[in-house]
Amino acid sequence: MTEAGCPTRRGMLQSATGVAAGLAVPAWAQAPAPPKADASPASAWPAWDAFARQFISPEGRVTVDEQAQTHSEAQSYALFFALVAGDREYFERLLLWTENNLSAGDITSQLPAWLWGKREDGTWGVIDRNAASDADLWIAYALAEAGRLWNEPRYRALSAALARRIVDEEAADLPGLGLTLLPAPHGFALKDGLWRLNPSYTPLQVLHRLAGSTGQPAYRALAVSALRVIVRSAPKGLSPDWTVYNTKIHRRGFRADAADKGRGSYNAIRVYLWAGMLHTHAEERHLLLKTLAPMAHFVREQGYPPESIDILTGQASGPAPAGFSAALLPFLHASGQTDALRAQTLRLQKRAPRHNAYYEQCLMLFGQGWMEGAYRFDAHGRLLPRWKSKP
């Protein structure tokens with residue numbers, strides 16, 4: 001989604017149910033320093049503190065646009081950031097609001113609704129009951145890791161129950177792919193054996209960790225299909241926002257999604273982000289960096305990431321918002337693109353993401369936070385925050 005709620009994603013989900021602080025220049029000649037355990041949780045991550053002040057209400061609701069709407073994605077990202085910061089008070093507030101308002105009081109029995117806000121009749125509440133599977137994955141992941149890092153059995157139990165519900169309601173066995181994550185429970189199985197999928201919804205570190213934390217074999221299968229979706233939907237090495245998969249044997253494969261004209265933009269930027277943050281020993285890392293290398297080359301040659309790009313022709317729009325540059329920092333670092341990494345870091349210093357742009361700030365926290373060592377993922381997807389010395 002964009003900071004105002006990506007129009008493409010919003011339209012698809014609705015039709016389905018009828019600051020960061022000042023930047024420090026990283027040492028691009030070497031890997032960013034690993035997280036240290038000597039920072040106190042209360043002040044470990046000033047960028048998170050600024051984000052929380054700007055976007056999160058005292059009750060734990062993240063507002064994402066001028067209409068004061070809330071998306072389950074926003075709640076999921078904030079839960080992750082609160083855990084990275086070691087901010088257990090905010091984590092609990094965010095979880096409580098999410099469960100009470102998006103899951104009717106029980107996240108184990110009802111997937112979080114993706115959209116909450118002011119209804120047409122003037123009341124506030126759930127606007128669209130359909131769920132968003134990427135948000136559900138991040139919530140399950142944050143709960144699993146919070147349970148481990150804070151030794152809290154309740155969080156682990158909630159994660160395991162939510163993870164089972166994701167598999168039961170948001171996955172389908174697709175010929176040629178295997179068990180595959182769908183964007184939502186409803187609305188993405190199209191006619192004539194076609195399915196609409198989103199490559200950015202499946203961070204591999206998240207899937208691997210849920211496989212380990214929950215003991216559910218389905219998550220290993222979801223990781224296998226996720227890699228297939230990411231690689232095969234990007235024939236020219238450029239990831240699309242959305243893709244259509246044909247399951248019919250004589251036409252099996254991916255094609256550009258007519259709804260967004262086969263372009264990569266606000267959704268796709270996360271594919272590069274997740275790939276760049278994979279541990280160096282993650283089994284999929286080499287293939288993903290090789291497959292997606294054309295984006296790194298584009299940024300190196302043009303000096304900026306495109307806001308939108310045709311995944312087949314490479315025809316691009318103008319420069320993207322600064323948050324895209326932040327999202328690409330881990331990817332450029334992992335790809336060994338030293339000059340491009342330097343250029344995007346300097347671009348961020350000159351043109352910081354707008355303080356009130358929710359999505360840009362999220363990309364900033366993810367990308368810049370990783371570069372500065374606020375957190376890492378290990379080879380199995382476990383979170384390694386700076387405030388915790390051991391996984």
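Of note:
Matching residues to (1) touching a Pro at 6+ places or on another chain (Cβ under 7 Å); (2) acidic (Asp, Glu); (3) not in a helix (DSSP H, G or I):
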| residue | (1), (2), (3) |
| --- | --- |
| 97 | no, no, no |
| 101 | no, no, no |
| 106 | no, yes, yes |
| 121 | no, yes, yes |
| 140 | no, no, no |
| 145 | no, yes, no |
| 151 | no, no, yes |
| 168 | no, yes, no |
| 172 | no, no, yes |
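- Which listed residue is in a loop (DSSP other than H, G, I, E, B), touching a Pro at 6+ places or on another chain (Cβ under 7 Å) and among the charged types (D, E, K, R), from 236, 191, 261, 248: 236
- Test: residue in the stretch 246-262 that is at pLDDT below 95, crowded, with 17+ Cβ neighbours inside 10 Å, more than 27 Å from residue 162 (Cβ to Cβ) and not small (Gly, Ala, Ser): yes
- Subset of the stretch 286-305 (residues that are in contact with a helix residue (DSSP H, G or I) (Cβ under 7 Å, 6 or more places away or on another chain) and not hydrophobic (A, V, I, L, M, F, W, C)): 291, 300, 303, 304, 305
- Looking at 74, 82, 131, just one residue is part of a loop (DSSP other than H, G, I, E, B) and surrounded by 16 or more Cβ atoms within 10 Å (Cβ to Cβ), and that residue is 131.
- Listed by position, the helices (runs of 4 or more DSSP H) contained in the stretch 266-378 that have at least 2 residues being more than 28 Å from residue 221 (Cβ to Cβ) and open to solvent by less than 30 Å² (accessible area, probe 1.4 Å) are 293-302, 322-334, 338-350, 358-371.
- Here residue 106 clears all of (1) open to solvent by 10 Å² or more (accessible area, probe 1.4 Å); (2) more than 16 Å from residue 140 (Cβ to Cβ) except the condition numbered (2).
The values are calculated or read from the model by the stated rules, or taken from the named source; none is laboratory data. Predicted, not measured: the structure shown is a model, and the values here were computed from it. Ideal geometry is used to build each Cβ from the backbone, glycine not excepted, and the neighbour counts take in all protein chains shown. Accessible surface areas use protein heavy atoms only, side chains included; no ligands, DNA or RNA. Shrake-Rupley method; radii C 1.70, N 1.55, O 1.52, S 1.80 Å.
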